Amino acid sequence: MCKNQESKVKNKMPETINKPIEKIEREGMGYKDKEKIDWGNEIAVEDFEKSHKKYKLIIKEILESYDKATNSDFVLCFEFWNLMDMIKVTESRDRKEVIIRIKKDKVPYIVVPESIRRARQALNAEGIGLSSNPIVLERRKRRCKIIKDYFHNQKVIKT
C-alpha cells in the first residue's frame, strides 16, 4: 500500500470505538424485535442454556449419522449448518471445487463453530460421538489435558 492510500485509510478509521459495557442489542435466535439483553440477567443465561441443549440434540444426531463428523469439527460445522438450512453446498461445473453459499437471510442466525465444538465436546464427555479415528481421539485427549493443566496452574490476579 502506498503512502497516499495509507493516509486515506487512516482518515476513515474512527478515533474511538464505542463498546457496550453492560448491555448490547441483538437481533437473533428467539428475539422477534431488537431487545436489550443484560448478560448478567437470568434470562440471558436461560437463553444460552436452551440454545446449548438444542445444539447438543442436533449435533448428537449428526454424530450418530455421519462418521466423518466425529473425526472433524470442520465437517461437523458444515453438516450442522446444512441440516439447519443455513448454507447451500454445491459442486462447481468441473467438479473440482465445492461451493458453499451462506443464505443471506440466515447470516444473523449462523451458529459459530466454537458453540458447535463445545456442544460436541460436551457430548464426547458423556461418551457420545467419540472419534472413530484413534489418532484424532488421542490428540483431543492430549489437548484437553494440556488446557486443564495450563488453567489449573494459572495465578489468579485480583483487581
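The table for this structure:
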{"read-out": "Among the residues listed as Lys103, Lys68, the single one being surrounded by 12 or more Cβ atoms within 10 Å (Cβ to Cβ), in contact with a strand residue (DSSP E or B) (Cβ under 9 Å, 6 or more places away or on another chain) and of a type outside the set (Asp, Glu)", "value": "Lys103"}
{"read-out": "In region 77-133, residue farthest from Lys56 (Cα to Cα) [restricted to those that are assigned to a helix (DSSP H, G or I) and of a type in the set (A, V, I, L, M)]", "value": "Val107"}
{"read-out": "Residues being touching a residue at least 12 places away in the same chain (Cβ under 8 Å) and touching a Leu at 6+ places or on another chain (Cβ under 8 Å) - total across region 126-141", "value": "4"}
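Just so you know, all these numbers are worked out from the coordinates, no wet-lab data involved. All of these numbers come straight from a predicted model, not from anything done at the bench. Cβ atoms come from the backbone with ideal geometry, glycine included; neighbour counts cover every protein chain shown.
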